[in-house]
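Inspection log for the structure reproduced underneath, given as structure tokens.
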Amino acid sequence: MTELHRLGREAYIDPVWHEREVDQLFLNAWCFAGITSDFKEAGDYKAVEIGGFPIAVVRNKDGDLGAVHNVCRHRGATLFDGNGGNIGKSIVCPYHRWTYGLAGELRGVPDKQTCFPDLERSKLGLKPAGLGIFKGLVFVNPDPNANFDDWIAPIADQAWPHDLYASDVREAVPLVYDVKCNWKVFAENAIDGYHLAYLHEQTLGGPTPDKNVWEQAGDHMIWYANEEGVRHRLPKKIRDENGKIGTIKSAQQAGFGGVYFLFPLTLVVPTPYGLSITALKPTSASTTRLTIRHWVGPWQSLDERKYIQGFDKKTGIISSDNWTRHPLETGDFQTEDVWICEKVQQGLQSPAFELGPLSLGPGAEDPIRWFHRSILSRLQVSD
Ligand code: FES
Ligand SMILES: [Fe+2]
């Protein structure tokens, strides 16, 4: 029964499975890369990696945003460094100084007459990647022909109302986590409606599965809590307009909160007071980097990193390697989630691991079934 199929242990630990995902799933996967105001001037760029594909988003001299594979067409050096910045008027490879225009066209090759007399520049522009914009958010896809409208359509008319440019939210310093688990372990935890009242008893405190709803929207999923569960809609640490913690009492007061899982690598979490967007970067079969950009209300700290257990000032990365307290004593649900994901990965590594039962219901573990179905529909594996 394909409907109930659950991915086996190898899907979470096997490098061959991971390569298969890169070739068959991530090769055509949309992921959040930035917001339109990251690219104000010509040459402004963001460098991202989508499931193993280095990609850069660049504003070109005509003012258009484009996405290219961040791979030199000569011997493959990456061209854009760090997270982002301004690349200048052209893209110059540091290795042999091949020079590309901001739209990726190959402009110049040093010593062309002697070294490459027959080279046709028009055939060696940077490879294009797909790009789409929704509510000011920029998404990219390694496949230049991928259809963004088809991908975003299922949530387009039920998305969060947040307008990052019209509201008074400000962007806080991004959070970067290195988590020792397969990307699917993290994704499955994010869509697991069964654990909220238990793992997060001291932080989110619920809701229990009966007050908790996940809806399918194409391959995407949208979570919200129903009326009785509404006081649990927001993390208790989010303050209300009077600066009080955990006093959200009604649906109206809570406004619009929820979680959007945009298959396969993006998580959008809107609250009445802000918005956070997590991009998952699978870095190996058993490791994942999370980059979280978030926008907060005027009363909230713009740099929360020092409050987060495991933050290393030198690297700027949050990791369990640097934990000093027990995760359940931190009062931070994200730390609790990282902890449990790493514990699940440890269990999956055991040859004694066997698939257990998945609970039923859209407020429990049905979303994990849907997630598996979406993955299996893209991979050439027998089930
Ligand atoms: S690798 Fe880029 S110019 Fe040689
Ligand atoms: Fe959680």
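Scanning the stretch 309-338 for residues that are closer than 27 Å to PHE261 by Cβ and either within 16 Å of ligand 1 (Cβ to nearest atom) or part of a helix (DSSP H, G or I) (or both) yields a total of 9.
For the stretch 331-356, how many residues meet the condition of being under 23 Å from ASP14 (Cβ atoms) and of a type outside the set (A, V, I, L, M)? Looking only at that region, the number is 12. Scanning the stretch 58-71 for residues that are out of contact with any Gly (no Cβ under 7 Å at 6 or more places or on another chain) and over 17 Å from VAL48 (Cβ atoms) yields LYS61, ASP62, GLY63, ASP64.
Here LYS306 clears all of (1) part of a loop (DSSP other than H, G, I, E, B); (2) over 21 Å from ASN182 (Cα atoms) except the condition numbered (1).
Restricting attention to the stretch 165-224, the residues that are over 22 Å from LEU280 (Cβ atoms) and in contact with a Lys or Arg (Cβ under 8 Å, 6 or more places away or on another chain) add up to 1.
The helices (runs of 4 or more DSSP H) found entirely in the stretch 111-216 that carry 1 or more residues being over 29 Å from TYR12 (Cβ atoms), out of contact with any Phe, Trp or Tyr (no Cβ under 9 Å at 6 or more places or on another chain) and free of Cβ contacts under 8 Å to residues at least 40 places away in the same chain are 112-115, 148-156. Take the conditions (1) modelled with pLDDT of 85 or more; (2) buried (at least 16 other Cβ atoms within 10 Å of the Cβ); ALA159 misses just one of them, which is (1).
Could you please let me know if GLY8 is small (Gly, Ala, Ser), away from ligand 2 (no atom under 16 Å from the Cβ), within 30 Å of LEU355 (Cα to Cα) and not assigned by TED's automatic domain parsing to the domain that holds PHE186? Considered against the rule, which asks whether it is small (Gly, Ala, Ser), away from ligand 2 (no atom under 16 Å from the Cβ), within 30 Å of LEU355 (Cα to Cα) and not assigned by TED's automatic domain parsing to the domain that holds PHE186, GLY8 comes out as yes.
Within the stretch 41-99, the set of residues being farther than 29 Å from PRO264 by Cα, of a type in the set (A, V, I, L, M) and surrounded by fewer than 19 Cβ atoms within 10 Å (Cβ to Cβ) comprises ALA42, VAL92. Among the residues in the stretch 343-358, are any on the phi > 0 side of the Ramachandran plot and touching a residue at least 60 places away in the same chain (Cβ under 8 Å)? Checked the stretch 343-358: no residue is on the phi > 0 side of the Ramachandran plot and touching a residue at least 60 places away in the same chain (Cβ under 8 Å). Considered as a group, the residues in the stretch 343-368 that are at pLDDT below 95 and of a type in the set (D, E, K, R) include one that is surrounded by the fewest Cβ atoms within 10 Å (Cβ to Cβ), and that residue is GLU354.
The values are calculated or read from the model by the stated rules, or taken from the named source; none is laboratory data. Since we're looking at a predicted model, the values are computed, not measured. Ideal geometry is used to build each Cβ from the backbone, glycine not excepted, and the neighbour counts take in all protein chains shown.
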